[in-house]
1. Considering only the range B:4-123, give the strands (runs of 3 or more DSSP E) lying wholly within it that have at least 1 residues that are more than 14 Å from chain C (Cβ to nearest Cβ).
2. Out of the range A:32-67, which residues are closer than 19 Å to C:Asp372 by Cβ, at the interface with chain C (Cβ under 7 Å from one of its Cβ atoms) and outside any loop (DSSP other than H, G, I, E, B)?
3. If you go through the range B:187-219, how many residues are within 14 Å of the chain's Cα centre (by Cα) and crowded, with 16+ Cβ neighbours inside 10 Å?
4. So C:Asp326 passes all but one of these: (1) under 24 Å from A:Ile34 (Cα atoms); (2) within 14 Å of chain B (Cβ to nearest Cβ). Which condition number does it fail?
5. Return yes when C:Phe460 is of a type outside the set (S, T, N, Q), surrounded by 20 or more Cβ atoms within 10 Å (Cβ to Cβ) and assigned to a helix (DSSP H, G or I) and no when it is not.
6. For the range C:1-44, give me each residue that is closer than 20 Å to C:Ala161 by Cα and of a type in the set (Lys, Arg).
7. Out of everything in the range C:378-394 that is surrounded by fewer than 24 Cβ atoms within 10 Å (Cβ to Cβ) and of a type in the set (Lys, Arg), what residue ends up being farthest from A:Glu43 (Cα to Cα)?
8. Looking only at residues in the range A:79-96 that are hydrophobic (A, V, I, L, M, F, W, C) and more than 7 Å from chain C (Cβ to nearest Cβ), which one is surrounded by the fewest Cβ atoms within 10 Å (Cβ to Cβ)?
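All of the numbers you see were taken from the coordinates with simple rules; none came from a lab. These numbers were taken from a predicted model, which means no experiment stands behind them. For neighbour counting, all protein chains shown are included, and Cβ atoms are generated from backbone atoms with ideal geometry for every residue, glycine included.
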Amino acid sequence: MRITSEYVGQIGRLSRLALTDAEKERLTTHLNAILAHFERLQELDTTQVPPTAHSIPMENVFRDDTPRPGLTPAEATAAAPESAEDMFVGPRIVET
Amino acid sequence: MTEFEAVIGMEVHAELLTASKMFCGCPTTFGAAPNTQVCPVCLGLPGSLPVPNRRAVEFVARTALALHCEISPRSIFYRKNYYYPDLPKGYQVSQYGDDPIGRNGYIEIVVGGQTRRIGIRRCHLEEDTGKLFHVSPQTSEVDYNRSGVALMEIVSEPDLRSAEEAREYLVQLRAILTYLGVCDGKMEQGSLRCEPNISVRPKGSAAFGTKTELKNLNSFRAVSRGIEYEIERQVAVIRAGGQVTQETWRWDETRQVTAPMRSKEFEQEYRYFPDPDLVPMVFTPDWVQTQQESLPELPRQKQLRFQEQYGLPAYDAQILTETRALADYFEAAAARHADAKAVSNWVMGELLGRLNAASLDISESKVTPEGLAGLLDLVANGTISGKIAKDVFEEMFVSGKAPEAIVQEKGLTQISDEGALATTLDAIIAANPKEWEALKGGKEQLTKFFVGQVMRATKGRANPQLVNDLLKQRLAS
Amino acid sequence: MAELHTLTAHELADQMRRGAVSAREIAEATLARIAAVDERVKSFVTVTPEAALAQAREVDERRARGEALPPLAGIPIALKDNLCTRGVRTTCASKILDNWEPPYDATVVARLRAQHAVFVGKTNLDEFAMGSSTENSGLFVTHNPWDLSRVPGGSSGGSAAAVAAREATLALGSDTGGSIRQPAAFCGVVGLKPTYGRVSRYGLVAFASSLDQIGPMARDVTDAALLLQAISGSDPSDATSAPVAVPDYMQALRPEVKGLKLGVPREFFAQGVAPEVEAAVRAAVDRLVALGAEAEEVSMPHIDYAFPAFYIIAPAEASSNLARYDGVRYGLREPASDPTTMMERTRDAGFGAEVKQRIMLGTFTLSAGYYDAYYLKALKVRTLVKQDFDRAFERFDLLVAPVTPTVAFAIGERANDPLQMKLADVCTVPVNLAGGPAIAVPCGFHAGLPIGLQLMAKPFAEETLLRAAYTYEQATDWHLRAPAL
């Protein structure tokens, strides 16, 4: 499996990374080197093997439906790059 | 010309009536001031972790059971990855694949006297996004109060064939949700949201046409009109030799048309994978049994019982059971007034009419079931006429006063004193000799004239039956 | 009396109990040490002298009132800068967080606060804990106290260097694929990765959620046990924290390995392990056998596949975990007229090259067309690796291996060879996939640089790890050596 620089550009957009052409080239080389390293996994027949998402199996962890106080609007927006009247402010969304 | 039929599937999102959010303890009060119901978890702050709300899981499982779904023995949360300013983590915790909490169920709907079974593909749990406000041409603002509110998604099979069926499906679904107490069903507040996907095909064809998705349907009316409009639009496109393209359309409430939404720059790729911060949910048969046993009487069962127990027509039973609150209201009134059909007529006619006109919910009605039953008692025992009853009802609706008190205060008691009515009638006959002669001569439509004159003279309080009787006596003599 | 900054936590606690020293004196000595050497070592991103002295003052006031204090009261602790600290900037060594001040404490931080520990500052790391040398820090490079031209390891390089350089008595690190153990080995200190779920992750800025664990870094095993005790236990804010009772780890600290069965998996010695490292580790095994343990070679056939599986799973989770840095709610924003461009520019400007590469890799392996071939495959291989561990632990109490294939390498040496860089984790990654605990303890030196011994145990068997590590440590003096600074 080898990926092209064009495809790297697509992954970049999907990852919300504005990549320069130089970055795209470098990433294409690096990603292909890493993907080549992954090829060894194909040596293993895993058709009958279940996946492990968690190493320590657990199930049914829930919390009670009890409201708890959170942050004040001032605390919530304190680190916002831009805020106004307790709202987070960003560039205008044109879709919708 | 080819006849077309519509193929409609419904995707419904219902905000769950939990006291706290899906994965954190923030409250869920609607309409709170911006960013007052947020914490590190629902703001997606670095380092924060989700812990699922047990009640939300129970709510979805109970809904799934009410929709005749099977419960997955093992169900997990996935991350749906996409970027949007209202999505604080850059992914939505949702469910995916073949292990949602519930799957393969159905809803029964009755349209045009026909009962149809609409398949339910899946019933799953996820979290809501924040809310965006577009306040200036340059900026958008975000309030994360809604972020992380427990949201249930119910997806139907494409079994619906008309806007009317789609609407009825939604009515029945909302009824089930409100009966279970898992969702308040308020479309205008966005706690119940519906996104139909619609295609058309030549009648009798088995293949599916290209479907479009319809958004921004904020009322039952919008659902009906939007779907009807979209069906007509698609048929017109095909008839004109064109092709329907797969895209999302938006219902424009003001212009009453559908309009295409700006298409996405590139195809969505959500990169679903199991959320490593959350562990699997395992539902044992015992647990499922407990949930099943906790289900209340559901709308369809209640409809059949209303027909049986109160002798109501199917139509009445269907309307009265649309919400649990309405059904409870009816039953409370019917328990106090023997004529259930009269109660049904008043609830469906006057009460719902006035509530709808005032955009009020049944829970906000100042006319209590006791009040309504009292009013009908007054009509039944002849204290007031049906016509006066409507005025009394209006007063009750506005002031919330008891009907007896209103009748008392305004002196609206029906006049059934034969002597007094005879005096009034005789005076009217004397004042209208030409009409009286004509009536005597066989012009029977003038009966109404004389009764009307008596009613006017008594400000509507005369017992109309008695006036009729007195008139007949005088004609016969 | 020895200078206060050179003493261990248990020594300091003894002295405080005897009234020989105050918490203020300890804090001042530690802050003085930081002032003296950190310009060269560069362990700290942020030093918090005022807060540290205030915490120390409170400890002394409580002592004056005759209160019985928890074991870590007054002990100077450094925190890896991916642990959230209320009101103290938490950078993850990334420009994208732009000096973000969390409005909340991580659970481990809250637990240490409750113990009246004294936080001296936040330590450097590879950006978002992605790296093995701390060279990927978006802020600056940390130096190995034993040889300032070499890396301290990573990603908890700042914490390891701070403990080794006596700039903090104890430190917390986080370990996703070796990020506690590998820098501990490079810096000649003790580092313990607890069982997944032993310690709450709430407030640890996520790298790879199914692998991350917070753990102690210390100068000796006793101190590591003290710190582990303070941070362990289930947490209602972390759904993956295990509802397993926490034993008294102090009870495990006894020199007793008679009959303890050690497995020596040959695959851990095959992967480019330098002869001096292999020799030191095998000598450590011999020493444990001389003390009464039994050792036997074992094969774990899937270990060779752990590394590629790890490098699929960790970046996949990371690509999703790092999606929240979008310039909307906190951190850096590069302005643009629409949100998509704003996000793209912000993330391009805020993330370093290694982080971008892993995000890209993770986005790729999770994509619909490649999910089965990469991500799902890796999760299946994870099962095989875990089964290797399960089988080995049916026969053995502990597995013994090197921590790293080599001693600390020179700064810049591997910067242009990402795969070579990642191979520094080849011996530490497998147990992260399997979930059990592992400890790194000093077991020798080569050319003046420390070598680490790795012991691995089955899930929740931290006591066995501590007992064996303690026994070995008491029989050797590697842990008593200090770098000359």
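1. On the way: elements: B:4-15, B:78-81, B:91-94, B:102-111.
Where strands (runs of 3 or more DSSP E) fall fully within the range B:4-123 and carry at least 1 residues being more than 14 Å from chain C (Cβ to nearest Cβ), they are B:4-15, B:102-111.
2. A:Ile34, A:His37, A:Phe38, A:Arg40, A:Leu41
3. Number satisfying all stated conditions: 7.
4. (1)
5. Numbers: of a type outside the set (S, T, N, Q): yes; surrounded by 20 or more Cβ atoms within 10 Å (Cβ to Cβ): yes; assigned to a helix (DSSP H, G or I): no.
Criteria not met by C:Phe460.
6. C:Arg33, C:Arg40, C:Lys42
7. That would be C:Arg391.
8. As a first pass, look at the range A:79-96 and keep what is hydrophobic (A, V, I, L, M, F, W, C): A:79-80, A:84, A:87-89, A:93-94.
Cutting the leftovers down to more than 7 Å from chain C (Cβ to nearest Cβ) gives us A:84, A:87, A:89.
Working: A:Ala84: 12, A:Met87: 22, A:Val89: 21.
Checked the range A:79-96; the qualifying residue surrounded by the fewest Cβ atoms within 10 Å (Cβ to Cβ) is A:Ala84.
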